[in-house]
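Notes for the one structure printed next.
Nothing in this text is a laboratory measurement; each read-out follows from the coordinates by a stated rule. Small disclaimer: the values here were computed from a predicted structure and weren't measured. As a convention, Cβ positions derive from the backbone with ideal geometry for all residues, glycine included, and neighbour counts pool all protein chains shown.
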Amino acid sequence: MVEATNRLSMIARPLNPRVQNLNSVVVALPRTWGLTNQVHGRILDATYVQFLFQNEIDLMMVQRKEPWLFNNWFVAATRWEVAPAHNFVTTIDLWVQIRGIPLPYVSEETVMEIAQDLGEVLMLDYHDTTSIQIAYIRVRVRFGITDRLRFFQRIVFDSGETATIRFQYERLRRICSSCFRFTHNRAYCPYRPRPLSIARERALFRDSVHRSSMNSQSQMTDSSFPIPQTPPPRISHPPLNHDEFVAAYPHLDSGRNDHIRCEGESSNFRQDLSSASNSITPRREPQYLTDRRHFEPGQSSRRHDVRDLRRGSERIGNLNQQNYVQRSGGILKPPKKR
């Protein structure tokens, strides 16, 4: 009874379950085939769906037009078997257009030899005597659902001539741009190395920049890093001539004399002068002591008194002006800003 029910059925497997909802697949594919009332679909598990047909002709028509798409991703399908293998629905048949074969080498043998590198060749849509175009040659190839697709191949012919062959897959809409497989998006690619955390990436980037700046020229020349130059030696000041300093001291600026201490006025210099002559030379007073400014008693206090008198007179004038404006019925203007 089970075999009779499932004999005219097909098992399908959406290749990208992340974007292919099984409930939507069961409803959408019969509508795409034009067999909405003749085909009944049901979900088997989280991976497979089954479509039950009413006659053999409809089932063969659907198989002949494979592969089918849903949401721009492939749906692999195969006919139901009594004892399916463990790796059930693990292949998909695709039509491949082979382009770029040089004209002298276009033949069935050349096409078959090139197509065998892609996978198992099921059908060749070309004949040397009946084909009306050779811009490309169509070949039906069976791929594993986890196989990596190839789009270019460089071939060397027996004559030594080389050519770049291009492969174009019919009905191919979406593919992983990292590993070129049609079972996932690039964001969920298991063959792509996982990026580190943002903080770790920034730390590695700073470290690489620092290392490159330090070692970019270390192996290029022997003089990559300049030798530090030693500063020139310091020259000591000449000793002070006391006679010239004493002769030029009266002509120096008074402001500078306040901060300069004459070494000739030291005790040793005074002893030398006293030892050179019998008379004792009186000690000269600094100029900042003789040029003091003298003020009369109470002069600074008078300045403050004059300032207070001015402020008092200004206040009295302001009050008189306010009283006058109020008596005359005018508008009181705000005082001016200082």
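Computed values, structure above
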item	result
Ranking of T230, T164 by count of other Cβ atoms within 10 Å, fewest first	T230, T164
Note, ³J(HN,Hα) from phi for segment 171-186, Karplus 6.51, -1.76, 1.60, rounded to Hz, x at Gly and Pro	6, 7, 10, 10, 7, 6, 6, 9, 10, 6, 10, 10, 10, 6, 8, 5
Cα extents of segment 91-169 along the three principal axes, largest first (Å)	35, 28, 17
Relative contact order (%) - criterion: Cα under 8 Å, at least six apart; region: segment 34-147	22 percent
Amide H contacts under 5 Å for I165, placed H, 5+ residues apart	Q153, R154, I155
Per-residue Cβ neighbour rank within 10 angstrom, fewest leading, L52, L15	L52, L15
Sorted peptide list for 233-240, 130-137, criterion being average Cβ within 10 angstrom, highest first	130-137, 233-240
Point-charge dipole on Cβ atoms (K/R +1, D/E -1) for segment 47-131, about Cα centre, debye to 20	360 debye
Packing-based exposure ordering (other Cβ within 10 Å, fewest first) of L103, L122, L59	L103, L122, L59
For segment 117-123, 3J(HN,Hα) per residue [Karplus equation, 6.51 cos²θ - 1.76 cosθ + 1.60, θ = phi - 60°, Hz, x = Gly/Pro]	6, 7, x, 6, 7, 9, 7
Point-to-point label distance, I132-S178, nm (Cα→Cβ direction, 7 Å offset)	4.7 nm
About the Cα centre, charge dipole magnitude for segment 2-79 (Lys/Arg +1, Asp/Glu -1 at Cβ), debye	160 debye
Debye, to nearest 20: dipole size of segment 91-169, +1 on Lys, Arg Cβ, -1 on Asp, Glu Cβ	420 debye
